[in-house]
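The numbers here are math on the coordinates, done by the rules we state, and not lab data. Since we're looking at a predicted model, the values are computed, not measured. Cβ coordinates were reconstructed from backbone atoms using ideal geometry, including for glycine residues, and neighbour counts include every protein chain displayed.
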Amino acid sequence: MDPLTETGRSPITYSPAHTLVPTYECFNRCTYCNFRQNPGESPWIDLVAVQATLVDLHRRGVAEVLVLSGEVAPHSPRREAWFRHIYRLCELALEAGLLPHTNAGPLSREEMAQLKEVNVSMGLMVEQVTPRLLETVHRHAPSKRPAVRLQQLAWAGELGIPFTTGLLLGLGETEADWADSLEAIAASHHRHGHIQEVILQPHRPGERQSVKGTALVGTALRRAVTLARQILPPDITLQIPPNLVSQDDLLACLAAGARDLGGLSPFDEVNPDYDHPTPEALQRIIRPGGWPLQPRLPVYPQYDGWLSPPLQRLVEHWRQRWQPSVAKSNKHLDFSQKRLKPGP
């Protein structure tokens, strides 16, 4: 059960976050993608510039560093260097007192095990388990094979990694496909208990995607939330990206059972046409429904014991830092952050 506040409504959470992109290059070519660049055309992020940025983020009260990368092909001769670059970014975030959460596409089991050492949680979208999308939007996206995505969930559970996953909605799948995907996530969680969040991300067209589509809005989105709440165990939190939905749809999704708004930073790297709203703006939107807005960390409290002692100590630092002022949560995130571009 969600904890109730004095308003009688469970809080809606968000993570004060900053996204670091090791590289935008990706060997997949999903037709709806507004993020990727061709292999060799995106420089890797400058680690020296990162260090100064991370120290400033800690001062501003930004807890989460989302390390979000395009994918270097598994058998590329550059794969090892790409992975070490990501690992080092996570180390730098920890050294600055921040909490890394990495989503870098499908990884090997050994890569996941190594990143567990320097991440408080990790993530990868299942997207959809229907193979039909391999004939359309994922035709040129080898790592989007459903079996590959579900293997990541299994390995995360076996390795004891607190995990975030989710569905992309509106890519040509059916509501029956939604149910199949949600049931696959639920089955993995029943085995391992490791899924802390499921994101329901509606497609919203962007300027850079190769094939234009239509946005998933209105009653379809609320049906997805209702279905997810029926299928998923109650200890999995449902997340809705607030920059990809209207105010009315956001309120409808919260009424249907969504309880989290994800990592909020000034820019959405995956959906660059749609900036995130500020926490203050979100609080104004949800206040009429009686929902308070509260910050959270990228690892949920029930998973603190899964972390190594050094990571547990850092998480506890943030929990203690926020404890006196959680009711004043919207003061934590300074939206004057600047986007950190890849270096030369």
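Taking H as built 1.01 Å from N, whose amide H comes closer than 5 Å to the amide H of residue 67, not counting residues under 5 places away?
20, 101, 102, 103
Would you look at the GNM of the chain, springs on alpha carbons closer than 10 Å, and say which of 136, 31, 53 moves the most?
Looking only at 136, 31, 53, the biggest GNM fluctuation is shown by 136.
Would you mind getting me the FRET efficiency between residue 135 and residue 75? Use the beta-carbon distance for r and R0 = 25 Å, nearest 0.05.
0.55
So the label point goes 7 Å from the Cα of residue 316 along Cα→C-beta, right? Which residues of segment 149-164 then have their backbone N under 20 Å from it?
Of the residues in segment 149-164, 162 have backbone N under 20 Å from the label point off residue 316.
Starting from the Cα gyration tensor of segment 113-244, take the square roots of the eigenvalues, sort them a ≥ b ≥ c, and report rounded, prolate or oblate (rounded when a/c is under 1.5, otherwise prolate if a/b is larger than b/c, else oblate).
Verdict is prolate for segment 113-244.
Pull up all non-local amide H partners of residue 294: gap of 5 or more, or a different chain, and H-to-H distance under 5 Å with H placed in the peptide plane.
12, 13, 14
Mind running the shape call on segment 1-139? Use the C-alpha gyration tensor, a ≥ b ≥ c as the square roots of the eigenvalues: rounded below 1.5 for a/c, prolate if a/b tops b/c, oblate otherwise.
oblate
Which of rounded, prolate or oblate describes segment 245-305 when judged by the alpha-carbon gyration tensor and an a/c cut-off of 1.5?
Oblate, since a/c reaches 1.5 and b/c is not below a/b.
Given H placed on each backbone N at 1.01 Å, which residues far from residue 199 in sequence or on other chains put an amide H within less than 5 Å of it?
Long-range HN contacts for residue 199: 165, 166, 167, 239.
What trypsin sites (Lys or Arg not before Pro) in segment 26-110 are in a loop by DSSP, with at most 11 other Cβ atoms within 10 Å of the Cβ?
Passing both the DSSP loop test and the Cβ count: no residue.
Counting only GluC sites (Glu not before Pro) that sit in a DSSP loop (anything but H, G, I, E, B) with at most 12 other Cβ atoms within 10 Å, what is the longest stretch of the chain containing none of them?
It works out to 42-206.
For segment 64-129, what does the convex hull of the Cα positions come to per residue, in cubic angstrom?
Expressed per residue, the convex hull around the Cα atoms of segment 64-129 is 87 Å³.
From the backbone phi of segment 301-316, what are the Karplus-calculated ³J(HN,Hα) couplings (6.51 cos²θ - 1.76 cosθ + 1.60, θ = phi - 60°) in whole Hz, Gly and Pro given as x?
x, 5, 9, 4, x, 7, 8, 5, x, x, 5, 4, 5, 5, 4, 4
Over the chain, with a Gaussian network built from C-alpha contacts below 10 Å, which listed residue (176, 17, 141) shows the highest mean-square fluctuation?
So, out of 176, 17, 141, the one fluctuating most is 176.
For segment 154-162, in order, what is each residue's ³J(HN,Hα) by Karplus, 6.51 cos²θ - 1.76 cosθ + 1.60 with θ = phi - 60°, in whole Hz (x at glycine and Pro)?
5, 5, 4, x, 5, 8, x, 9, x
Name every cysteine in the chain that ends up alone, with no second cysteine's Cβ under 4.7 Å, or say none.
26, 90, 253, each lacking another Cys Cβ under 4.7 Å.
Read phi for every residue in segment 33-47 and hand back ³J(HN,Hα) as whole Hz from Karplus 6.51 cos²θ - 1.76 cosθ + 1.60, θ = phi - 60°, with x for Gly and Pro.
6, 10, 10, 6, 10, 5, x, x, 9, 10, x, 7, 4, 7, 5
How many angstrom lie between the Cα centre of segment 172-209 and the Cα centre of segment 250-272?
Segment 172-209 and segment 250-272 have Cα centres separated by 15 Å.
Please grab the % of Cα pairs in the chain that end up more than 25 Å from each other.
50
For the chain, what relative contact order do you get, as a whole percent, if you take Cα pairs closer than 8 Å and at least 6 residues apart?
Result for the chain is 24 percent.
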